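A.B. asks: Can you keep this structure in mind? I'll have questions shortly.
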Amino acid sequence: MRGLDYIFFINQFPLFIIWYCLLSFALLHIQTSNLKPHYFCSNMEIIDAKYLISSPSVAECPKPDRPEYAFIGRSNVGKSSLINMICNKKEVAKVSSSPGKTQMINHFSITSADRKSWYLVDLPGYGYAKRSLAQRKTWQKMIMGYIKERQNLVNLFVLIDSRLDPQKIDLEFINQLGEWQVPFALVFTKADKSTQRETAANVKNFLATMRQSWQFLPPHFVTSAVKHLGSKALLNYIDTLNIEFYKESQSQ
Ligand code: GDP
């Protein structure tokens, strides 16, 4: 080592030690922390998403052997696009909109990077103008049966179009969930279609309307399938609920 290099090395040595200690501490913290998935957001990445089955009633759904998350909303709210976004697959939800399956409970088997499996369910939405009265009654019976009786349903995601003022049909559905005491979260879709300020104002307006009849507000997410926005937050939420689900089922 030349003289000047040697002096530089000696001068910087304490700094190297400090950096080394800080780095070791950070790595140790990450390894032992419960927040590990949130540091890297990798555990919740979906590595496999497969269409499984379409069932006409809750009795015919797959065995309730893992946590389940269902998605519902008005027609055209962006449900298929949202499901494709979170599964990171272009057309995974296309199958549920194929003939014969639009009125069914559509199950997808999901495996996340932590090798945990869960079900994602694409439910037929409400507010289809073309449905006859008989079809609406069948829908009501099926959805009520599914939501009230599905034992492993951890959370229902109710999709709301972020561009619109609060819609009566959405509020009525949400109030019904309250009566049934079903855990749910709101997912505001198509956030890219308005400015951030407009979207924030619409979300605020929706929550304020809910507050008139609700004491506690559910969690909510703002998403855009076009800009791939909100997917990580949604998946992290599912991850948190999955951890609780598996903890509870181990303690039983
Ligand atoms: P679904 O009927 O609820 O399953 O809705 P789709 O996912 O089929 O979406 C309905 C329409 O909205 C389609 O034309 C989509 O391209 C469009 N769409 C869905 N999500 C978004 C989004 O996040 N941003 C924008 N700009 N368009 C969207």
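A.B. asks: For 163, 211, write out the residues from largest to smallest accessible area, computed with a 1.4 angstrom probe and no ligands counted.
C.D. replies: Largest accessible area first, the residues go 211, 163.
A.B. asks: Could you compute the FRET efficiency for residue 247 and residue 13, with r as their C-beta to C-beta distance and R0 at 35 Å, rounded to 0.05?
C.D. replies: That pair, residue 247 with residue 13, gives E of 0.15.
A.B. asks: Quick one: how many Å² of residue 214 are accessible to a 1.4 Å probe, rounded to 10?
C.D. replies: Ignoring ligands and nucleic acids, residue 214 comes out at about 50 Å².
A.B. asks: Among the listed pairs 79/204; 50/141; 79/148; 94/232; 79/130, which have their C-alpha atoms separated by more than 25 angstrom in this model?
C.D. replies: 50/141
A.B. asks: Moving to a separate point now. Ratio of Rg to Rh for the stretch 196-252, alpha carbon only, Kirkwood?
C.D. replies: 1.12
A.B. asks: Moving on. Per-residue accessible area for residue 44 at 1.4 Å probe radius, Å² rounded to 10?
C.D. replies: 10
A.B. asks: Determine the order of 116, 90 by accessible area, beginning with the largest, at a probe radius of 1.4 Å.
C.D. replies: Solvent-accessible surface, decreasing: 90, 116.
A.B. asks: Could you give me the ³J(HN,Hα) list for the stretch 155-168, computed from phi with Karplus coefficients 6.51, -1.76, 1.60 and θ = phi - 60°, whole Hz, x at Gly and Pro?
C.D. replies: 7, 9, 9, 9, 8, 10, 6, 5, 8, 9, 5, x, 9, 3
A.B. asks: If each of residue 168 and residue 133 carries a label point 7 Å out from its Cα toward its Cβ, how far apart are those two points in nm?
C.D. replies: Between residue 168 and residue 133, the label points sit 1.8 nm apart.
A.B. asks: Taking every DSSP beta bridge with both residues inside the stretch 112-252, roughly what % is antiparallel (nearest 5)?
C.D. replies: For the stretch 112-252, the DSSP antiparallel bridge percentage is about 10.
A.B. asks: Would you kindly derive the ³J(HN,Hα) couplings of the stretch 51-67 from the backbone phi angles with the Karplus curve 6.51 cos²θ - 1.76 cosθ + 1.60 (θ = phi - 60°), listing them in order in whole Hz, with x for Gly and Pro?
C.D. replies: Ordered by residue, 3J(HN,Hα) equals 5, 10, 7, 10, 10, x, 8, 4, 4, 9, 5, x, 3, x, 9, 7, x Hz.
A.B. asks: Round to the nearest 10 and report in Å² the accessible area of residue 53, as given by a 1.4 Å probe over the protein chains' heavy atoms.
C.D. replies: Roll a 1.4 Å probe over it and residue 53 shows about 70 Å².
The values are calculated or read from the model by the stated rules, or taken from the named source; none is laboratory data. Worth saying up front: this structure is predicted, and the values here are computed from it rather than measured. For neighbour counting, all protein chains shown are included, and Cβ atoms are generated from backbone atoms with ideal geometry for every residue, glycine included. Protein only, heavy atoms only, side chains kept; ligands, DNA and RNA dropped before computing areas. Shrake-Rupley method; radii C 1.70, N 1.55, O 1.52, S 1.80 Å.
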